[in-house]
Amino acid sequence: MREVVVLVGLQASGKSTFFAQRLADEGRVPGLREERAVTAAEITGNPPGSFAWGVLHDRHPKLIAQVRDGLPYPRKTGWALDELAEEITGEIRPLPGWEEHAGRSWYDVPFLWAESCFYRKLLDAVGYFAPGPWHGVDPFEPVKSAELRTPEFAEDLAAFATRTDDDALLTASLWGNRADLGFRLSAGQADGAGALLVDQSPLLWSLLANAGTVCVVADNSARELVPDLLLIDRLLATGRAARVVLHVKPYPYYVSDALLHDVVAALRKLTDGPVAVAGHRLTRAMRDGRLDVRAHPFSCAPWSYHHMPADLAEDFASATVTIMKGDLNYRRLVGDRQWAPTTPFEVTTAYFPGRVAALRTMKCDVAVGLPADMVIRLDASGEQWRSNGAHAVIHVR
């Protein structure tokens, strides 16, 4: 790890350290000071054989093929997908707004940026942003919808009808993150019972004892989003939260990331099944404003939350606690970097403008907040414990 100098707002401001300069430029923070913060090198797609390398080398080509087969795209879309498949084997071609790393190898740039750029180019290839009949058509919708029709999902709903206690819903929301459709494209992932490495759920429940506004930053749709919604219903129905702000993506990002139409699809399934009462409560909550769904453009940005704009930061700062769901949000929260896994979660999230909790199934190399003896034991096991989806954490700061 190394130290960098960052600009820190006055403690009395209650604002985030990393966006303090932006707030100061707007006249919102009366002064700044310099402070040293610990950081680590950004993860890239090199070296060969690393987790990030595997995503770029194996997962992305499979995803292009999946998208091609998912909808009856015209021939020109197939050509555009062919061009993208060829591009990801070489250098990054220029794209308006994404010029930062153009001309470099996909494997040599920050992994988070490379992944984000790939998905943005995939949307361009299928005409998502272009005028025409395919404008706004989610290329991942076929696999998302199919998941809501599986026997496994029906079993989930039946289980939710009988298990409505706090810990059961929190556990379902946590491990629902394993339903990531992009994760399933990778070979050799664990599918057995998982191990919770860090459990700070008692602290989270204490923050939720009498919360005003709770922010929930969603990750995946379908089988993960449904338990997220049921957890939100529990918070509202029990009065733990007066209001919940649910952040989703403004347009398709990673494969199964939740959009507004995925929230609507999930609510329809909830209101037509064994947990219909909760589905109808959530629908009423959306109508009366107690459940507010938002889609900030930064949710699809190729950067960590250290770079979040002031309006999003103020949204999080106004909440009693922000709950970050999933692996991608975890990477963006702590920084997609080569942290020593014993680095305290509190250190990596010190910049965040308010209390924050992370419910994360581990599906990439980033890991923080683990005891040293646990890391030694996991490393000695020989398994890919950081990325095989068999472990999870509940971190709170």
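Here are a few things to note about the model shown:
- When every residue of region 345-355 is checked against the conditions, none turns out to be out of contact with any Phe, Trp or Tyr (no Cβ under 7 Å at 6 or more places or on another chain), modelled with pLDDT under 95, surrounded by 18 or more Cβ atoms within 10 Å (Cβ to Cβ) and under 30 Å from Ala211 (Cβ atoms).
- Any chance Asp327 is within 12 Å of the chain's Cα centre (by Cα) and farther than 28 Å from Asn210 by Cβ: yes
- Taking the numbered list (1) closer than 26 Å to Leu260 by Cα; (2) touching an Asp or Glu at 6+ places or on another chain (Cβ under 9 Å) in turn, Arg397 passes all entries but (1).
- Any hit, region 147-157, residues being in the same structural domain as Leu229 (by TED's automatic domain parsing), without any contact (Cβ under 8 Å) to a residue 24 or more places away in the chain and within 22 Å of the chain's Cα centre (by Cα): no
- Hits in region 73-97 - residues which are without any contact (Cβ under 8 Å) to a residue 40 or more places away in the chain, touching a Lys or Arg at 6+ places or on another chain (Cβ under 7 Å) and crowded, with 16+ Cβ neighbours inside 10 Å: Ile92
- Lys325 vs. criteria closer than 14 Å to Val217 by Cβ, surrounded by 15 or more Cβ atoms within 10 Å (Cβ to Cβ) and of a type in the set (Lys, Arg): yes
- When Gly127, Gly97, Gly132 are checked against the criterion of being on the phi > 0 side of the Ramachandran plot and modelled with pLDDT under 95, a single residue qualifies: Gly97.
- Selection from region 130-164 of residues that are under 26 Å from Leu196 (Cβ atoms), part of a helix (DSSP H, G or I) and polar (S, T, N, Q): Thr162
- Condition met for Asp167 (within 25 Å of Lys62 (Cα to Cα), acidic (Asp, Glu), without any contact (Cβ under 8 Å) to a residue 40 or more places away in the chain and outside any loop (DSSP other than H, G, I, E, B)): no
- Flag if Pro274 is buried (at least 19 other Cβ atoms within 10 Å of the Cβ) and either in the same structural domain as Pro202 (by TED's automatic domain parsing) or without any contact (Cβ under 8 Å) to a residue 40 or more places away in the chain (or both): no
- Ala340 meets the stated requirement of being in a loop (DSSP other than H, G, I, E, B) and out of contact with any Pro (no Cβ under 9 Å at 6 or more places or on another chain).
- Screening Asn177 with (1) surrounded by fewer than 19 Cβ atoms within 10 Å (Cβ to Cβ); (2) among the polar types (S, T, N, Q); (3) modelled with pLDDT under 95 gives one miss only, at (1).
- Scanning region 112-142 for residues that are in contact with an Asp or Glu (Cβ under 6 Å, 6 or more places away or on another chain) and either within 19 Å of Ala85 (Cβ to Cβ) or assigned by TED's automatic domain parsing to the domain that holds Ser304 (or both) yields no hits at all.
- The condition of being at pLDDT below 95, among the acidic types (Asp, Glu) and in a loop (DSSP other than H, G, I, E, B) holds for Asp191.
The values are calculated or read from the model by the stated rules, or taken from the named source; none is laboratory data. What you see is a predicted model; the values in this text were computed from it and never measured. Here Cβ is always computed from backbone atoms with ideal geometry, including for glycine, and neighbour counts include all displayed protein chains.
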